[in-house]
Protein chains: 2
Amino acid sequence: MTSLDDVMALVAIDSVSGAEGDIATYVYDRLVASDRLEVERIGDNVIARTMGHHATRVLVAGHLDTVPGDVGAAVIEGDVLRGLGACDMKASLAGMLDLALDEENRPVEVTWVFYAREEIARSQSGLVEVSEVRPDLLVADVAVLAEPTGGLVEAGCQGTLRVKVTLKGVRAHTARPFTGRNAIHRLGDLLSFVATYLPREVEMDGVTYVEQLQAVGVEGGVAPNVVPDAASCVLNHRVAPDRSRDEAAAWLRGYLGELLGEGDDLEIVDWAPSATPDLTNHHLARLVQLSGNAPRAKVGWTDVATFQELGVPATNFGAGDPLLAHRSDEFVTAGEVATFVGVLGEWLRSSGH
Amino acid sequence: MTSLDDVMALVAIDSVSGAEGDIATYVYDRLVASDRLEVERIGDNVIARTMGHHATRVLVAGHLDTVPGDVGAAVIEGDVLRGLGACDMKASLAGMLDLALDEENRPVEVTWVFYAREEIARSQSGLVEVSEVRPDLLVADVAVLAEPTGGLVEAGCQGTLRVKVTLKGVRAHTARPFTGRNAIHRLGDLLSFVATYLPREVEMDGVTYVEQLQAVGVEGGVAPNVVPDAASCVLNHRVAPDRSRDEAAAWLRGYLGELLGEGDDLEIVDWAPSATPDLTNHHLARLVQLSGNAPRAKVGWTDVATFQELGVPATNFGAGDPLLAHRSDEFVTAGEVATFVGVLGEWLRSSGH
């Protein structure tokens, strides 16, 4: 049984994004001791596979890194472990390690993926690195991404689109603003409108995705006495899996409507694709059943989208409250860890059927 | 008679703010040739005074610098001189030089002030430099500041207040924005409200000041996937001469009202004081009469406020259309130069009465 001490052993190893060397070594050393696993290290990513002859291969993945913070402050108080990475996602990693080293016979082959640099730009992701260098290691029939989900299945994920909107104006002296057009004032109207956005809800496979639209950056200004002729904002749009990047951008352009005029610009800055819930996949449907809870939609972005791009049906299922991720007061309970390990272990035992 | 060639001689000397050495030397050399003037150079400022025994001393001032641009593109086409600084304010400077060197006897002492660095931060102003090093040189009964005013008196000047407004929010993940409060969205509402500002008009000494309120800068944003917890804007408020800095700031705070809440901040960044019109001063009233036009209020800020701080009643009167200042297509006409020199010369001839 995975204990909070097992989780603490991982929490105590500083593994901020880009500095996962120590924790990768720790995980590698533990896994390589098993003669049932073929273990590979690629950079700071560790992949361990059973290499038997079962027809079905399942993959379980988790990231080794945390957001920045102080690992020294971690503490166990009774049934609760408080500390950086406790929830996101070293509780799940500890459970994965225990299940990987479990001697029990399973009716499936299992690939365990511990990867680096998930919390920073996707272009630096360790999972993307593995998919480029050794795509064969990620081949599987189904995958579970053990991000914190509160012990239930959070299906698929929403895409995330960033656009930069630049509004034009006409420069003028601020003592005679009527000879110009203030681009920052125009931006005010656009931001006020964005603030009135009512989320679109989309039901797929019985779960409901809730889109969002938020301004995440704003800039503008020429000089202290000049009516500015340009101002811009960056909008982050969370997109349900029924829309592509271009469909989302087209919707946004239409939504802003006449707030955009001649000479204004809407530029796509960034896009990470969504993933459909795939709850009709019989492996994932069984995971939902074993979890004992109704599934819900993952409204954030996760590497479930990366697995779906690789052709592997996948879902999110892990220990810890997802709302605590990246918070300074994150924690995980012994009960959450036990539930995760129990459900995932049972899923592996029954996945060959 | 001052010609466009005289103006061109000054326009041709590059004198962007901070690099007025050459034009100060040119002006100094011309003035020092007159045995009727006592000429001093303080840094790149040149002050020439008649030192007779008339009871009244009038002061005429103009700045030597221009905003950045290419002096090589200046050209005379018929009665029009187009080029950097033609309007703001080398036409007036050329007229001042001619009147300073005129041999005619006047019933007043005259101080001619040619100063540096007016177009940049007031803390760097050459006029402020002279007032600190040799305040005696600026003692006068009345002053004319020869900024472009279209050949009529533009009385006093409005103050200019800059405030930075910072709005707070609560950070959250952009996929779950309802757990936070978006400070940029709040800023949108504030900017939209500022855009609805209706100018307050204030009549003093028969001229009407028109206040303004404009956003001149905006910034905010934490990270691409974070609902931002702070955003700010800089507002520029043009303030009629009936209000002090603190009165203007108090008005602005009240105007924004409930758009500012707990934890928000309104900080005064900068203030340049206004100047009252002083059109009841008999010297300035006579200048209005000689101009042949009704006076109007100066809605921008000028060094008339500096003279008023020094205890010298002052007004704006110069050649060129003030709306052309700082524009790439600025120009001045031979007629505008002649009118300015004619009116100012007549004013000096009659100022002893």
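The values are calculated or read from the model by the stated rules, or taken from the named source; none is laboratory data. Because the structure is a prediction, the values reported are computed rather than measured. Don't worry about glycine lacking a Cβ; one is built from the backbone with ideal geometry, like all the others, and counts go over all protein chains shown. Just so you know, the surface numbers come from the protein's heavy atoms only, side chains and all, with ligands and any DNA or RNA stripped out. Shrake-Rupley method; radii C 1.70, N 1.55, O 1.52, S 1.80 Å.
Worth a mention:
- Cα convex hull of the range B:1-51 - mean projected area over all directions, nm²: 4.1 nm²
- Distance cut-off 24 Å, percentage of C-alpha pairs in the range A:56-200 lying past it: 56 percent
- Using a probe radius of 1.4 angstrom, the carbon and sulfur fraction of the accessible surface of the range A:250-311 is 48%.
- Separation between Cα centres of the range B:187-247 and the range A:284-353, rounded to whole Å: 50 Å
- Surface share of carbon and sulfur [accessible, 1.4 angstrom probe, percent] for the range A:100-155: 48 percent
- Accessible area buried at the A-B interface, both sides summed, 1.4 Å probe (Å², nearest 100): 3100 Å²
- Secondary-structure-derived ellipticity at 222 nm for chain A, considering helices only, amounts to -8500 deg cm²/dmol, per-run term -39500 (n - 2.57) for DSSP H runs with n ≥ 4.
- Ranking B:Gln308, B:Ser274, B:Trp251 by how far each Cα lies toward the positive end of the dipole of the range B:251-322 (charges on Cβ) leaves B:Gln308 at the top.
- Distribution of pairwise C-alpha distances over the range A:104-148, 5 Å bins, in %: 5, 18, 24, 25, 15, 8, 4, 2
- Relative to the current alpha-carbon distance between B:Asp242 and B:Leu198, full extension at 0.36 nm per residue lengthens the span by 14.1 nm.
- Distances in nm from B:Asp70 to the matching label points in the other copies, shortest first (labels 7 Å along Cα to Cβ): 5.9
- For the peptides B:96-102, A:271-277, residues were scored by their other Cβ atoms within 10 Å and the scores averaged per peptide; the highest-first order is A:271-277, B:96-102.
- Base-10 log of normalised Debye intensity for the protein assembly as shown (one unit scatterer per alpha-carbon) at q = 0.07, 0.09, 0.12 Å⁻¹: -0.64, -0.81, -1.14
- Each peptide in B:228-236, A:78-86 gets a packing score, the mean of other Cβ atoms within 10 Å over its residues, and the list from highest to lowest is B:228-236, A:78-86.
- Pairwise Cα inverse-distance average, inverted: Kirkwood Rh of the range A:202-323 (Å): 17.3 Å
- Kirkwood Rh in Å, taken over all unlike Cα pairs in the range B:175-232: 14.1 Å
- Peptide-level mean, for B:222-235, of C-beta atoms on other protein chains within 10 Å: 4
- Enclosed volume per residue, in Å³, of the convex hull spanned by Cα atoms of the range A:40-100: 111 Å³
- Normalised by 2.2 N^0.38 Å, where N is the number of residues, the alpha-carbon radius of gyration of chain A equals 1.14.
- Starting from the label point of B:Ser328 at 7 Å along Cα→Cβ, the same points in the other copies fall at 5.0 nm, in ascending order.
- Shielded by partner chains, the range B:143-180 residues - at least 20 Å² of accessible area, 1.4 Å probe, vs chain alone: B:Arg162, B:His173, B:Thr174, B:Ala175, B:Arg176, B:Pro177
- Å² per residue, accessible surface of the protein assembly as shown at 1.4 Å: 38 Å²
- Most fluctuating residue given options B:Ala294, B:Ala195, B:Ala223, as computed from a GNM of chain B linking Cα atoms under 10 Å: B:Ala223
- Distances between equivalent label points of A:Phe193 across the copies, with each point positioned 7 Å along Cα→Cβ, amount to 2.1 nm, shortest listed first.
- Inter-centroid distance (Cα atoms) of the range B:37-53 relative to the range B:77-123, Å: 15 Å
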